[in-house]
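The values are calculated or read from the model by the stated rules, or taken from the named source; none is laboratory data. Predicted model only: the values in this text are computed from it and were never measured. As a convention, Cβ positions derive from the backbone with ideal geometry for all residues, glycine included, and neighbour counts pool all protein chains shown.
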Amino acid sequence: MATNENPVLRVAPAAPADALAYFTGLMAYSTDVSDVYAVSELDDPGFTLVDTRGEAAWFQGRVPGAVHLPTDEIASRAAELIDQSRPVVVYCWGPGCNGAYRAAVEFAKLGYQVKYMMGGFEYWVREGLPVATDAGVERGKPDPLTAPSSGVSCAC
């Protein structure tokens, strides 16, 4: 198969320096559920985790320790709830939802350093990580399509 017939290589890969800049840039804007979980039990993980979903979603389940601040309330309530000197990590439902992006925009407009948590609450649950409700904290089994059954990290 000639290169011009190969759908993967029809557009040539970026130069290494361009790829380095692009992928490093992506990591400046995002983190993932495994990395958030890895520091979740520290006295100070170095950021504030914010659940930007609505009230019904919050009561259904959330990441333990997250602050609840729905996207529509960020502009009016962020200053009273979130220390602007700390980075913020936002999450919403999951990869099929752009709510975390909209929340990140709102925090950035207010002058906060912000990242979004890739996968959102969906992948937090799918990786078998702890979920808080008003009744307490529970932990499910990891979905083997998203995390190894022996742990929470793909070790990538």
Near pairs, Cβ below 7 angstrom, 6+ apart or cross-chain, from the stretch 95-115 (over 15 Å from G54 (Cβ atoms)) to any residue that is aromatic (F, W, Y):
Y101/Y116; A104/Y116; V114/F107; K115/Y29
Give the stretch 102-133 a look and list any residue that's hydroxyl-bearing (S, T, Y) and surrounded by fewer than 15 Cβ atoms within 10 Å (Cβ to Cβ), or say none.
T133
Failed condition for V39, given (1) surrounded by 13 or more Cβ atoms within 10 Å (Cβ to Cβ); (2) in contact (Cβ under 8 Å) with a residue 40 or more places away in the chain:
(2)
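Go over the candidates T48, T52, T31, T71 one by one and state the one that is touching a residue at least 24 places away in the same chain (Cβ under 8 Å), out of contact with any strand residue (DSSP E or B) (no Cβ under 7 Å at 6 or more places or on another chain), of a type in the set (S, T, Y) and under 17 Å from Y101 (Cα atoms). Outline the logic, then answer.
Working: T48 fails: out of contact with any strand residue (DSSP E or B) (no Cβ under 7 Å at 6 or more places or on another chain); T52 fails: out of contact with any strand residue (DSSP E or B) (no Cβ under 7 Å at 6 or more places or on another chain); T31 fails: out of contact with any strand residue (DSSP E or B) (no Cβ under 7 Å at 6 or more places or on another chain).
Unique residue meeting the criteria: T71.
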Just wondering, is there one or more residues in the stretch 61-79 that are surrounded by 20 or more Cβ atoms within 10 Å (Cβ to Cβ), basic (K, R) and out of contact with any Pro (no Cβ under 6 Å at 6 or more places or on another chain)?
yes
Suppose we filter G111, G128 for residues that are assigned to a loop (DSSP other than H, G, I, E, B) and at pLDDT 95 or above; which single one remains?
G111
Please verify whether the stretch 76-97 includes one or more residues that are under 21 Å from C156 (Cβ atoms) and in a helix (DSSP H, G or I).
no
